[in-house]
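Okay, so here's the structure we're looking at.
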Amino acid sequence: MKQIKPVIIIVALLITLTFTLPSLLVLPFSGEKPVGKLNEVQAPAPQQSTSTKESTTEVAVLRSATNNIEKLPIEEYVIGVVASEMPVEFEPEALKAQALTARTYITSHLINPNNGNLPEGVDVSDTVNHQVFKNQAELKKSWGKNYEKNYKKIERAVKETQNKILTYKEKPITASFFSASNGYTENAEDYWENQVPYLKSVKSPWDSKESPEFESQMTLSTKEFEQKLGVKIGKGTDVGTILARTPGKKVAEIEINGKKFTGREIREKLELRSTDFSWIHKGDSIIITTKGYGHGIGMSQYGANGMAKEGKDYQEIVNHYYKDVKISDIEPFFDQKLASTQ
């Protein structure tokens, strides 16, 4: 009979212990109820931040009254523009839409500067040549005892759209706006001649109810009318013929005593409020009626307020007036600008 080798014995013992030890550990407590358990501290789920870091970009504004340069953070600049360009009584969602247009404008201007006759180191003026802007001291003077309430309202609208701009194909748009339409906005090419894919004529039925200046009249003497247009109308009843209208129902082309004008030419020469105009010759005067106020391209401010009163939010407002645009973060555009200058 062969002797069993010690190695085999050791292996066998190890296998036996593997199966018996768990039973030895459990069996003594198998008849008892558990009185406790091993707990584990659960790490809190990461919370998604709803706030964004305010942009550190600054805007240098030429103050037209003093000819001084005022530098301020972009979000503070946007507050001053919204407060100056849109009535503070407007609905919060309309103010937010205006904040987007103001921030989009200045972003586009800063990354693609076109300063014209501005002094070196200036980004924009505080006039309609760029965007109307008032600082806190000027707003306090304008609003008086309502300053704190009004400022907080504008500030909140800007804060709730902080660092957001309007883009089309990954670029900031030309976020044009105006006071009130005649019921329709204009295609960009029907006023500016150049086509812009996101600036298309849309219906804006709210303006007639919202704007106190939806329809207005002005009177010119026949002589002044003739001088400004370089025409002669005499004493007859024929004071011109509208030859064509735009998709926005405004005057595209008009002929006066054999001389043709675009609607924009008439508006600018006679300083009319819009290109939706008509007139009558009465005695020695021309009485001109206009509908709407402004060039008519982009967002109607009174239309935006009308939409807000119907419960539309600022996203719906801007997507109505600017076709196929996106609301995007501002920072990547300044990051790209910084990288290109290094």
Point to revise | Filter result for Q217 (at pLDDT 95 or above and in contact with a helix residue (DSSP H, G or I) (Cβ under 6 Å, 6 or more places away or on another chain)) | key: no
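Hey, among K203, K159, K134, K153, which residue is basic (K, R), surrounded by fewer than 22 Cβ atoms within 10 Å (Cβ to Cβ), at pLDDT 95 or above and under 16 Å from the mean Cα position of the chain (by Cα)?
Numbers: K203 fails: under 16 Å from the mean Cα position of the chain (by Cα); K134 fails: under 16 Å from the mean Cα position of the chain (by Cα); K153 fails: under 16 Å from the mean Cα position of the chain (by Cα).
Selected residue: K159, the only one of K203, K159, K134, K153 that is basic (K, R), surrounded by fewer than 22 Cβ atoms within 10 Å (Cβ to Cβ), at pLDDT 95 or above and under 16 Å from the mean Cα position of the chain (by Cα).
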Exercise for review: Give the number of residues within region 96-130 that are modelled with pLDDT of 95 or more, in contact with a Gly (Cβ under 9 Å, 6 or more places away or on another chain) and polar (S, T, N, Q).
Suggested key: 1
**Study point:** Candidates K96, K134, filtered to the one that is out of contact with any Leu (no Cβ under 9 Å at 6 or more places or on another chain), more than 26 Å from K323 (Cα to Cα) and among the charged types (D, E, K, R)
**Key:** K134
Practice item. Output the qualifying pairs, or none if there are none: Cβ atoms under 8 angstrom, residues six or more apart or on different chains, first residue in region 142-168 and farther than 27 Å from K323 by Cβ and of a type in the set (A, V, I, L, M, F, W, C), second residue at pLDDT 95 or above and not in a strand (DSSP E or B). Key: W143/V88; W143/N150; W143/Y151; I154/I79; I154/V82; I154/A83; I154/V88; I154/L95
**Study point:** Matching helices (runs of 4 or more DSSP H) fully within region 223-342 where at least 2 residues are at pLDDT 95 or above and among the basic types (K, R)
**Key:** 263-270
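The values are calculated or read from the model by the stated rules, or taken from the named source; none is laboratory data. Since the structure is predicted, the reported quantities are computational estimates derived from the model, not experimental observations. Every residue, glycine as well, gets a Cβ built from its backbone with ideal geometry; the counts of neighbours run over all protein chains shown.
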